[in-house]
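Novice: One structure, pasted below without further comment.
The values are calculated or read from the model by the stated rules, or taken from the named source; none is laboratory data. The shown structure was predicted, so the numbers you read here are calculated from the model rather than taken from an experiment. Cβ placement follows ideal geometry from the backbone for every residue including glycine, while neighbour counts extend to all protein chains displayed. The accessibility values were calculated without ligands, DNA or RNA, using every heavy atom of the protein model including side chains. Shrake-Rupley method; radii C 1.70, N 1.55, O 1.52, S 1.80 Å.
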Amino acid sequence: MPPRGERAAAPAAGARRPAAPGAVRDDRAAAGPRRPDRAPAGPHRGDRRGPQGPARRRAAAPAAAPTPSPRHVEAEKPVGEVKVSEGITVKDLSERMDRKAKDVIKRLFLEKGIMATINHALDLETARWVVEAFGGTAQQVDMAEEAIAEATPAEAEAAEQLVSRPPVVTIMGHVDHGKTSLLDAIRATRVAEREAGGITQHIGAYKVRQMREGTEREIVFLDTPGHEAFTLMRARGARVTDIVVLVVAADDGVMPQTLESINHAKAAGVPLVVAVNKIDKANANPERVLQQLAERNVLVEQYGGETVAVQVSAKAKIGLDQLLDMILLVADMAELKSNPARPASGTVLEAKLDRARGPVATILVQNGTLKVGDVFVVGSALGRVRALADERDRRLTEAGPSTPVVVMGLDGVPAAGDLFQVFPDEAKARQIANYRLAKQQEEDAARRMKLPTLETLASRIQEGEVHELPIVVKADVQGSVEVLRKSLEDLSTTEVVVKVIHAGTGAISETDILLASASGAIVVGFNVRPERGVGDIAKREGVDIRLHTVIYNVTDEIKQAMLNTLSPVEKEVFLGRAEVRQVFRVAKVGTIAGCYVVEGTVRRDAKVRLLRDNVVVHEGRIDSLRRFKDDAKEVKTGFECGIGLERYQDLKPGDEIEAFTIELSKRESLEIPKAD
């Protein structure tokens, strides 16, 4: 065995020498060159961080800039131009701006104080503010048109989809000039007999057929009321019509409502066809009618103009075919077209609450095709077409352009003149309807806040500021409600303000009576009656119910009710006149005028004027009236008396004392009385 020293032989060249116990190994130099990718050690053992601060940045190789995430790039895009509409939700607006909904909600809360959710509907002003706050530009668009454009395929909007449609004709003219009778003769049915007073009370829409050049053509007639109280309904008829047939009686000529009809047609840019009616009467003078029209800038073809004029007789059925041919000729010249492939849109002609069928509306389809099952929005009401019926109550499965149709399936009674629109997307339709309903409720609440309470109303009447006559209006159809509201509110004067606090369709209910009782209002019912038991409630509450079937009688009765709220008229009544012949000054009494009554009677309780050279120098009351030493109640003509005036001593011989009294009389007119 070799000795211990020999076994501990020196290691071969290049071999690592084992470290002695407790010694620090220092063989880094022998390990060869240091790897270039390894950073030098720090000041402490085991520290691999290397130099800090600028030294490290100089030593480190330049690294490539981090690539931002795609989401980060999108968030930095400019907002640009954003389409906004009434009722747009926070979610839709944030998606159009390409921003997070939570950022929009946060900004609304911090800067506008609005606690919103993603489904919160914004009004147009707030939506514009949000877009501008995020650096964009808002572009206003119609909510319904936008929804239709999104849901309608492009091929449905092509020009080749347009087809000819029947003309929509409105019959206008003065009352009793034969409008309904003319339409009745055309349709060969009786309509006027069902109208109260022989006057059309609300719009009817009817479709007739006429042969022209071997082809059967259709014409849609709207019968608008002719009485002047229905100017609003007649104007609505002119907005939905293509041609206006102006009916003028040959024995009566141009009347005020004839001129109104001409103005409505001109304002709507609708061509006129003049129908000179009642030519079968003995005193008919059609030429005089044409001359009167020419004086009103309505030149017919006989006078070198462009307006077509036809002489007809509704009673004798003369010239009806010629009138229909002229209507179709004018329609051909206008090239009336529509697109039946679009979702249906139109206008509400009339609406009412039917006891058996619920809310029903007469709709004139102006574009597209309305089908059973379609979801629609009309005003603030949402519905689905449950059934369709024509003017003869025949069930239909669909209705094309220029078709008047009765629609069932509404959840409320719309207003006459509201726009009717079908939506392919039910969710979008519900959003629009809910937004419109919320806006309507806000407007109604704001209107109710303006109504005075009984306390403020009483104080204002005592102070003589204003008198108000609150009214509750109930009618059979919505069109009559509109006209009644406008006609009654137009009666307001500076002294009496008519306030329609509630207006609706249907029978007079207990709620209407309680509202009228709390507000001190009169209930006006037009073509409706109170529900069972409501009459007894009205008697118990002291509410006055006025029922009418002819609308223009309502205003006369309300005028009388308004007169009762007015303060009576003060009227001066002359009593007599006395001459001052001598003046006496009595101690502890004052100045007494010795007078001679030259006219009438001077009474102790009368008011007097003191005239000096025919100029009023004082007006007051008599303090004392005596004959010799006795007090007198009155002194007649030809007698002498002593007169002392209350709080006035400057009396002179030659003055005249005129006695008079003030009588209160009931106001005869709403006009402010003139001073005498």
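Novice: Provide the FRET efficiency to the nearest 0.05 for the Glu640-Glu572 pair, computing r from the beta carbons and using R0 = 35 Å. Kindly include the intermediate steps, with their values, before the conclusion.
Specialist: Numbers: r = 26 Å, r/R0 = 0.75.
It comes out at approximately 0.85.
Novice: Still on this structure, please answer the following. How big is the shadow of the Cα convex hull of segment 83-146, averaged over all directions, in nm²?
Specialist: Values: hull surface 14.7 nm².
The Cα convex hull of segment 83-146, projected and averaged over all directions, gives 3.7 nm².
Novice: How large is ³J(HN,Hα), in whole Hz, for each residue of segment 274-291 in order, when computed from phi with the Karplus curve 6.51 cos²θ - 1.76 cosθ + 1.60 and θ = phi - 60°, using x for Gly and Pro?
Specialist: Going residue by residue, I get 8, 10, 7, 8, 6, 6, 7, 6, 5, 9, 6, 9, x, 5, 5, 5, 5, 5 Hz, with x marking Gly and Pro.
Novice: Further, regarding this structure: Distance from the Cα centre of segment 85-148 to that of segment 592-628, in angstrom?
Specialist: Between the Cα centre of segment 85-148 and that of segment 592-628, the gap is 80 Å.
Novice: When 1/r is averaged over all different Cα pairs and the result inverted, which Kirkwood radius in Å belongs to segment 379-430? Mind showing how you got there, number by number?
Specialist: Values: mean 1/r = 0.0819 Å⁻¹.
This gives a value of 12.2 Å.
Novice: What does the C-alpha gyration tensor say about the overall shape of segment 317-452? Classify as rounded when a/c is under 1.5, otherwise prolate if a/b is larger than b/c, or oblate. Present the calculation step by step, with values, prior to reporting the outcome.
Specialist: Details: a/c = 1.95, a/b = 1.70, b/c = 1.15.
Prolate, because a/c is 1.5 or more and a/b exceeds b/c.
Novice: Once you place label points 7 Å from the Cα toward the Cβ at Lys539 and Glu218, how far apart are they in nm?
Specialist: Here the answer is 5.3 nm between the modelled labels.
Novice: Using 16 Å as the cut-off for backbone N distance, which residues of segment 329-363 belong to the label zone defined by a point 7 Å from the Cα of Ala507 along Cα→Cβ?
Specialist: Counting backbone N atoms under 16 Å from the label point, the list is 353-359.
Novice: Using r as the Cβ-Cβ distance of Thr591 and Asn297, and R0 as 56 Å, what FRET efficiency do you calculate, to the nearest 0.05? Can you show the working numbers first?
Specialist: On the way: r = 74 Å, r/R0 = 1.32.
Between Thr591 and Asn297 the formula returns 0.15.
Novice: Compute the projected area of the convex hull of the Cα atoms of segment 484-535, averaged over all viewing directions, and report it in nm² to one decimal place. It would help to have the intermediate numbers written out before the result.
Specialist: On the way: hull surface 15.8 nm².
Projected over every direction and averaged, the Cα hull of segment 484-535 covers 3.9 nm².
Novice: I would also like to ask the following. Would you mind giving the three semi-axes, in whole Å and largest first, of the ellipsoid equivalent to segment 628-667 according to its Cα gyration tensor?
Specialist: Numbers: eigenvalues 117, 51, 27 Å².
Here the semi-axes work out to 24, 16, 12 Å.
Novice: How much length is gained on full extension from Asp630 to Gln161, taking 0.36 nm per residue of separation minus their Cα-Cα distance?
Specialist: Numbers: separation 469, 0.36 × 469 = 168.84 nm, distance 10.60 nm.
Length difference between fully extended and current span is 158.2 nm.
Novice: Rounded if a/c is under 1.5, else prolate if a/b beats b/c, else oblate: with a ≥ b ≥ c from the C-alpha gyration tensor eigenvalues square-rooted, which is segment 298-355?
Specialist: On the way: a/c = 2.66, a/b = 1.51, b/c = 1.76.
Here segment 298-355 falls in the oblate category.
Novice: How would you rank 361-369, 333-341, 510-518, highest first, on the average number of other Cβ atoms within 10 Å across their residues?
Specialist: 361-369, 510-518, 333-341
Novice: While we're looking at this one, here's another question. Compute, for Arg357, the solvent-accessible surface of its heavy atoms (probe 1.4 Å) with the complete set of protein chains present, and express it in square angstrom to the nearest 10.
Specialist: Per-residue accessible area (Arg357): approximately 80 Å².
Novice: Each label point is 7 Å from the Cα along the Cα-to-Cβ direction; what then is the distance between the points at Leu491 and Asp176, in nm?
Specialist: With each label point 7 Å from Cα toward Cβ, the separation is 2.3 nm.
Novice: Can you compute the FRET efficiency between Ser517 and Glu663 using 1/(1 + (r/R0)^6), with r the Cβ-Cβ distance and R0 = 35 Å? Round to the nearest 0.05.
Specialist: Details: r = 35 Å, r/R0 = 1.01.
Rounded to the nearest 0.05, the efficiency is 0.50.
Novice: Which whole-Hz ³J(HN,Hα) couplings does segment 178-183 yield from phi under the Karplus relation 6.51 cos²θ - 1.76 cosθ + 1.60, θ = phi - 60°, glycine and proline marked x?
Specialist: x, 5, 5, 5, 5, 5
Novice: Give, in nm to one decimal, the length gained when the segment between Asn263 and Val598 is fully stretched (0.36 nm per residue of separation minus the Cα-Cα distance). Please report the intermediate quantities before stating the final value.
Specialist: Values: separation 335, 0.36 × 335 = 120.60 nm, distance 6.35 nm.
Full-extension gain reported as 114.3 nm.
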